Amino acid sequence: MKKEQDPIEKAVSLFEKGFTCSQSVLAPFASQFGLDEKTALKLACGLGGGMGRQGLTCGAVTGAYLVLGLKYGSVSPEQKDAKEKTYQLVREFADKFKALHKSTECQELLGYNLGDPDDAKIIKERNLTATICPVMVRDAATILQELLNK
C-alpha cells in the first residue's frame, strides 16, 4: 500500500513541479474534505500570482482559505455559526501568516508585481518565484495544517 505524502511536503512538491501557489496549497488537503485533486487544481488555478498575476492576495494564502472553507464553510444561509467559524479561522490564518511575512499580498511578498511587465522581468531575472514562493507555500500549508488540527 502506497503511503500518502505529507500535505505540507506535497504542497512544496506541487509548486516545484510548476503548479501555482494556490493550486499547491489547496490540492494536498482537498481530498480530506470531499474535493478531488483534479477539481481542486482547476478551482485554484486562477488565484496564483496574487489573483491572476495582479499582485493581490498571495495564492498560497487563498489556497489555504479555500481549504478552511471546505472544512468549516456553510452550505446554507442558516448556517451562520459555520460562516463565522470560517471567517474567524481565515483571520487567524492571516494573522499567523503576517506574523511571519508582514503581509499576505503577493506584490509585497515578492517586492514586485507579477502583472507589471518590467517587474515581471526583474522577478524572472532574480528567480524570485523559485526562492520566495516555495517558502510562502510551505508556511501557508504549515499554518493551515495547524488550524485543521485544532
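Near the amide H of THR57, within less than 5 Å, lie the amide hydrogens of CYS106, all on another chain or at least 5 residues away, with H placed in the peptide plane. If R0 equals 22 Å, the separation of the Cβ atoms of LYS124 and SER13 corresponds to a calculated FRET efficiency of about 0.50. The Cβ shell under 14 Å around GLY115 holds other residues with a net charge of -2, Lys and Arg each +1, Asp and Glu each -1. Taking 27 Å as the straight-line reach from the Cα of LYS83, the lysines in range (excluding those fewer than 8 positions away in the same chain) are LYS38, LYS42, LYS71, LYS96, LYS98, LYS102, LYS150. Convex hull volume of the Cα atoms of segment 7-148, normalised per residue: 96 Å³.
Where a number appears in this text, it was derived from the coordinates with a stated rule and is not lab data. A quick note: this is a predicted structure, and the numbers were derived from the prediction, not measured. Neighbour counts are summed over all protein chains in view; Cβ atoms, including those assigned to glycine, are modelled from backbone coordinates with ideal geometry.
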